[in-house]
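Derivation of every value follows stated rules applied to the coordinates shown; laboratory data play no part. Everything numeric here is computed off the predicted structure, so don't read it as measured data. So basically every Cβ, Gly included, is an ideal-geometry build from the backbone, and we count neighbours across all protein chains shown.
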Amino acid sequence: MYENKYRVIGYVIMPNHVHALLYVPEMKKSLSTIIGNAKRFMAYEIIKKLEEQKNFDLLQELYDSVKEKERKKGQRHKVFEDSFDAKEYYANEFVYQKLDYMHKNPVSKKWQLVNEFTDYLHSSAAFYDKGVKM
């Protein structure tokens, strides 16, 4: 059933960036293509939600962020930056280290979004710590 399917191992959606730990069983496409497709899918959904919520100020800001070259190609909104930082991992220790870092990002000195990292709603932390379904 799950054979050759990508899986989200963990995530944290921050105010200006996203952390995601993904399982990719077989790289049939390049990582850039996989991330690009994911960002495009998420961007469509974000724009759709903003339109449903009639959040015209943010929609305008995302519209204004599109460069002329991108606009000529049909892009209407700029939701994500073009770049991303990716690291391959093969050891469980690395996975645990990255999950811990990601999940504690909302309570870091820079952010302080919640008192307890498991209380941050836009994260998989509560799933790992308390068994709360994602």
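For the pairs LYS48/LYS73; LYS104/LYS130; LYS5/LYS73; LYS39/LYS69; LYS78/LYS104, flag any whose C-alpha to C-alpha distance is greater than 22 Å. In this structure, LYS5/LYS73; LYS78/LYS104 exceed 22 Å between Cα atoms. Listed by chain and number, the lysines placed with their C-alpha closer than 17 angstrom to that of LYS98 are LYS87; residues fewer than eight positions away on the same chain are left out. At the listed q of 0.11, 0.14, 0.27 Å⁻¹, the Debye profile of the range 5-75, built from one uniform point per Cα, gives log10 I(q)/I(0) equal to -0.38, -0.60, -1.29.
Sum up the charges of everything whose Cβ sits under 13 Å from the Cβ of GLU70, counting Lys and Arg as +1 and Asp and Glu as -1, but leave GLU70 out.
Combined, the nearby Lys, Arg, Asp and Glu give +4.
Partners of LYS133 within straight-line reach, counting aspartates and glutamates whose Cα lies under 17 Å from its Cα and excluding those fewer than 8 residues away in the same chain: ASP119.
Footprinting exposure proxy ranking of ILE47, ILE13, fewest other C-beta atoms within 10 angstrom first, gives ILE13, ILE47. Over the chain, dividing the summed -39,500 (n - 2.57) contributions of all DSSP H runs of at least 4 residues by the number of residues returns a 222 nm mean residue ellipticity of -12500 deg cm²/dmol. In plain terms, the residue of MET42, MET14 with the fewest other Cβ atoms within 10 Å comes first and the most crowded comes last, giving MET42, MET14.
Which trypsin sites (Lys or Arg not before Pro) does the range 64-101 hold that lie in a coil by DSSP with at most 13 other beta carbons within 10 Å?
On the way: sites: LYS67, LYS69, ARG71, LYS72, LYS73, ARG76, LYS78, LYS87, LYS98; in loops: LYS67, LYS73, ARG76, LYS78, LYS87.
Passing both the DSSP loop test and the Cβ count: LYS67, LYS73, ARG76, LYS87.
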